[in-house]
1. Which of (1) under 26 Å from residue 147 (Cα atoms); (2) in a helix (DSSP H, G or I); (3) touching a Ser or Thr at 6+ places or on another chain (Cβ under 9 Å) does residue 59 not meet, given it meets every other one?
2. Consider residue 130 against the criteria (1) among the aliphatic types (A, V, I, L, M); (2) surrounded by fewer than 20 Cβ atoms within 10 Å (Cβ to Cβ); (3) outside any helix (DSSP H, G or I): it satisfies all of them except one. Which criterion is unmet?
3. Exactly one condition in (1) among the aromatic types (Phe, Trp, Tyr); (2) out of contact with any Leu (no Cβ under 9 Å at 6 or more places or on another chain); (3) in contact (Cβ under 8 Å) with a residue 60 or more places away in the chain is not met by residue 36; state its number.
4. Among (1) under 13 Å from residue 100 (Cβ atoms); (2) modelled with pLDDT of 95 or more, where does residue 5 come up short?
5. Hey, can you tell me all the residues within segment 172-186 that are of a type in the set (A, V, I, L, M, F, W, C) and farther than 19 Å from residue 104 by Cβ?
6. Which members of segment 146-196 meet the condition of being open to solvent by less than 30 Å² (accessible area, probe 1.4 Å), at pLDDT 90 or above and over 15 Å from residue 93 (Cα atoms)?
7. For segment 22-31, what are the residues that are in a helix (DSSP H, G or I) and open to solvent by less than 60 Å² (accessible area, probe 1.4 Å)?
8. From the list 112, 103, exactly one residue is in contact with a strand residue (DSSP E or B) (Cβ under 8 Å, 6 or more places away or on another chain) and either open to solvent by less than 30 Å² (accessible area, probe 1.4 Å) or under 30 Å from residue 207 (Cβ atoms) (or both). Which is it?
Amino acid sequence: MSHHKKMANMFLNGQEDEALQYLQTFQTPFDRMVAYENLLTPSMYHVGELWETNEISVADEHLATAICDFVLSQVDDLQSSSEQGKKVLLFGVEEEQHYLGLKMVASIFREKGWKVRYLGPNLPLSHALVQVNSFKPDVIGVSAALSYRLPTLKKVIESLMNLEWEPTILIGGRMAKKHDLTSFTSDRVFVMKDLHALQEWLEEDQRNINATSS
């Protein structure tokens, strides 16, 4: 049995402690980005496929999501590097219910020392803007999964592009992985197809900071 299917079975069986231990020993030394991208994400995709083919119930899917959420929260509590002062705000567009990917992104940013404000899924634009204008993040990450939310995503991006301090905007979620969103990209808008792309973007951002400060 593959690693991600074994993890999915732990989620579906409510084995939170076993799942956490399995994640933490997935590779040595532990690398949360690799663990999230190569184990947690495919595990939850597998759970989603089982639900779509009626091999599990919606209650099973909710249990798996809750166990995965627990595992993510435990890993996120591990010691992170010292804060560098940059701020990121993350949310899912209105009617978007998926949030585990967003939590993984929040965890990666925290590990890199960013100050993170995670607003969760299904956030109407008007409410998001209240937090955006209060927090004034350097980067705003927006998540969407299904193609019929493209008009909503477009409206969100257009609104965020008008912010006076000109934050960088990152687009993620299943929509970024499965659809061509190049029409949305610009010098301030980047599409993150997966966590590896986010890692590369963060490393490039750090190189730019180092070059500026040297």
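The values are calculated or read from the model by the stated rules, or taken from the named source; none is laboratory data. It should be emphasised that the depicted structure is a prediction, and the values quoted were computed from it without experimental measurement. As a convention, Cβ positions derive from the backbone with ideal geometry for all residues, glycine included, and neighbour counts pool all protein chains shown. Ligands, DNA and RNA are excluded from the accessible area calculation, which covers all protein heavy atoms including side chains. Shrake-Rupley method; radii C 1.70, N 1.55, O 1.52, S 1.80 Å.
1. All conditions are met except number (3).
2. Status for residue 130: all satisfied but (3).
3. It is condition (2) that residue 36 fails.
4. Against the list (1) under 13 Å from residue 100 (Cβ atoms); (2) modelled with pLDDT of 95 or more, residue 5 comes up short only on (1).
5. From segment 172-186, those of a type in the set (A, V, I, L, M, F, W, C) are 175-176, 181, 184; that's our starting set.
Correct list: 181, 184.
6. 163, 167, 189, 192, 195 - these are the residues of segment 146-196 that are open to solvent by less than 30 Å² (accessible area, probe 1.4 Å), at pLDDT 90 or above and over 15 Å from residue 93 (Cα atoms).
7. Within segment 22-31, the subset in a helix (DSSP H, G or I) is 22-24.
Once the filter is applied, which keeps residues that are in a helix (DSSP H, G or I) and open to solvent by less than 60 Å² (accessible area, probe 1.4 Å), segment 22-31 yields 22, 23.
8. Details: 112 fails: in contact with a strand residue (DSSP E or B) (Cβ under 8 Å, 6 or more places away or on another chain).
The match here is 103.
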